[in-house]
1. Take region 197-218 and flag every residue that is part of a strand (DSSP E or B) and within 16 Å of Ile232 (Cβ to Cβ).
2. So, Ala25, is that one buried (at least 19 other Cβ atoms within 10 Å of the Cβ) and either within 20 Å of Gly323 (Cβ to Cβ) or modelled with pLDDT of 95 or more (or both) or not?
3. Quick check, is Tyr318 within 16 Å of the ligand (Cβ to nearest atom) and surrounded by fewer than 21 Cβ atoms within 10 Å (Cβ to Cβ)?
4. If the Cβ limit is 9 Å and pairs must be 6+ apart or interchain, which residue in region 205-221 that is in contact (Cβ under 8 Å) with a residue 60 or more places away in the chain pairs with which residue that is within 9 Å of the ligand (Cβ to nearest atom) and part of a helix (DSSP H, G or I)?
5. For region 398-419, enumerate the residues that are open to solvent by 70 Å² or more (accessible area, probe 1.4 Å) and assigned to a loop (DSSP other than H, G, I, E, B).
6. Kindly evaluate Asn110 against the criterion of being within 16 Å of the ligand (Cβ to nearest atom) and over 19 Å from Glu227 (Cβ atoms).
Amino acid sequence: MIYKNLAVNAAGHLTFAGYDTVTLAEEYGTPLMLMDETVIRNRCREYRNAMASCLPEGSMPLYASKALSLKRIYEIMREEQMGVDVVSIGELYTAVQAGFPAENAYFHGNSKTDADIRFAMEQGIGHFVCDNVDELNAINAEAARQGIRQKVLLRLTPGIDPHTHEKINTGRIDCKFGAAIETGQAEELVVYALSLPNVELRGYHCHIGSQIFDHAPFCDAAVMMLEFLADIKARHGFSAPVLNLGGGMAVPYTNRDGSISYAVNIRNIGKLIDETCTRLGLEKPAILLEPGRSIVADAGMTVYHVTGTKEIPGFKNYAAVNGGMADNPRYTLYQAEYTVLPASRMEDKADFLCTVAGSCCESGDLLQEDVLLPKPVRGDLLAVLTTGAYNYSMASNYNRIPRPPVVMLTPETHYLAVRRETLQDLLHCDL
Ligand SMILES: *Cc1c(COP(=O)(O)O)cnc(C)c1O
């Protein structure tokens, strides 16, 4: 099995975190999102411990909460002493309502409105990760209005393409986020930030991509950013105390994916940061990392009921389930790979090659293609693994489909973190 928290019991049922998925589906209904809380907590600790021992003093992980944003997650992040990233005031509001200290939150995004900035500052947000001059001006003005100096990081693009592991001069530079080091605009942004009386520049941020297994692209980015930091120090006398290297560490979704050790990656990044700071004569900045996917993805699983199969002779077979792009749009969006298991019939021979289709009125509403299963019958359960990140947070009510519940599993018990939406909930905003 791809993860240690999966097994098959005597009834031939898939178990997850020690619980029979068939029993859970009976109790909570389907589609059903399950989260193994132990995996989430252990992953937070792996990041925290590795960063404390291998990175400069003051380094810490921030959970990029767009991966899965609900009150219970922010409670867990507070208990695990993580910082969090938010990218909207909706995420910030959810965090604050869960008792998460806004002081430990970083507000991201390339298009913040005045209302966003005001709300976040009123909540006492710790840092803005500021994208551009217009935003800097708006933050400075609102901070002046509130009589504070607002801490910010600046979002920069170091021009790293994580999938070729090469520094490139274009490509990433033309993305909508941040200011490019290459073009000199990053330096201009720094100089401008330093001139603003109600802005306290704390450092720089970059985020090079997602689902990256290797440590090399992070090392390339770290070196580029440290060289920038040294350059600014030499030219403008400002030595940034914080460097945020973003998120993006991968999670294996199928057996074809490689494996990853977050602790080993962090150790390798730490070694290079030490060497680079020595070479550049820099005091080591505190390092922030922003894992999203790698905190929650493999903690999650979605369980569906099969509604039927279809065989189109000479073409392909389908197995349809009672969910799909409304609860998991990732295959429809970008053909994301998943492992699909026959949760209620794990011991049966898998000889039916099929496409797992969702229930929305879109031919593109598929969950996965070329899946080998025991030929499903109506009422069987299918489990899609690794759905903890960017599933529930991307879920919609398309076709007026209510969102599934999120059930947390611990060694002692299981409980609802989010209840299933009802039909009445769908009318909540209709006047
Ligand atoms: C999405 C995002 C992350 C998290 O990325 P993962 O691949 O989920 O780890 C971190 N930082 C920023 C700025 C992001 O946009």
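The values are calculated or read from the model by the stated rules, or taken from the named source; none is laboratory data. Treat the numbers as computed from the prediction; the structure is a model and nothing was measured. Every residue, glycine as well, gets a Cβ built from its backbone with ideal geometry; the counts of neighbours run over all protein chains shown. Each accessible area value is taken on the protein alone, full model and side chains, heavy atoms only, with ligands, DNA and RNA left out. Shrake-Rupley method; radii C 1.70, N 1.55, O 1.52, S 1.80 Å.
1. First pass over region 197-218, keeping only residues part of a strand (DSSP E or B): 199-205, 212.
Those that are part of a strand (DSSP E or B) and within 16 Å of Ile232 (Cβ to Cβ): Val199, Glu200, Leu201, Arg202, Gly203, Tyr204, His205.
2. Details: buried (at least 19 other Cβ atoms within 10 Å of the Cβ): yes; either within 20 Å of Gly323 (Cβ to Cβ) or modelled with pLDDT of 95 or more (or both): yes.
So Ala25 passes the test.
3. Details: within 16 Å of the ligand (Cβ to nearest atom): no; surrounded by fewer than 21 Cβ atoms within 10 Å (Cβ to Cβ): yes.
So Tyr318 fails the test.
4. Ser210/Arg293; Gln211/Arg293
5. Step one: list which residues in region 398-419 are open to solvent by 70 Å² or more (accessible area, probe 1.4 Å), which gives 398, 400, 411-412, 416, 419.
Residues satisfying the conditions are Pro411, Glu412, Arg419.
6. Values: within 16 Å of the ligand (Cβ to nearest atom): yes; over 19 Å from Glu227 (Cβ atoms): yes.
Yes, satisfied.
Quick grid of which residues meet (1) open to solvent by less than 10 Å² (accessible area, probe 1.4 Å); (2) small (Gly, Ala, Ser):
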| position | (1), (2) |
| --- | --- |
| Ala95 | yes, yes |
| Phe107 | yes, no |
| Asn132 | no, no |
| Ile139 | yes, no |
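Okay, residues lined up against (1) part of a loop (DSSP other than H, G, I, E, B); (2) under 30 Å from Arg41 (Cα atoms); (3) of a type outside the set (Lys, Arg):
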| residue | (1), (2), (3) |
| --- | --- |
| Tyr93 | no, yes, yes |
| Tyr106 | no, yes, yes |
| Gly109 | yes, yes, yes |
| Lys112 | yes, no, no |
| Gly124 | yes, yes, yes |
| Ile139 | no, no, yes |
| Phe177 | yes, no, yes |
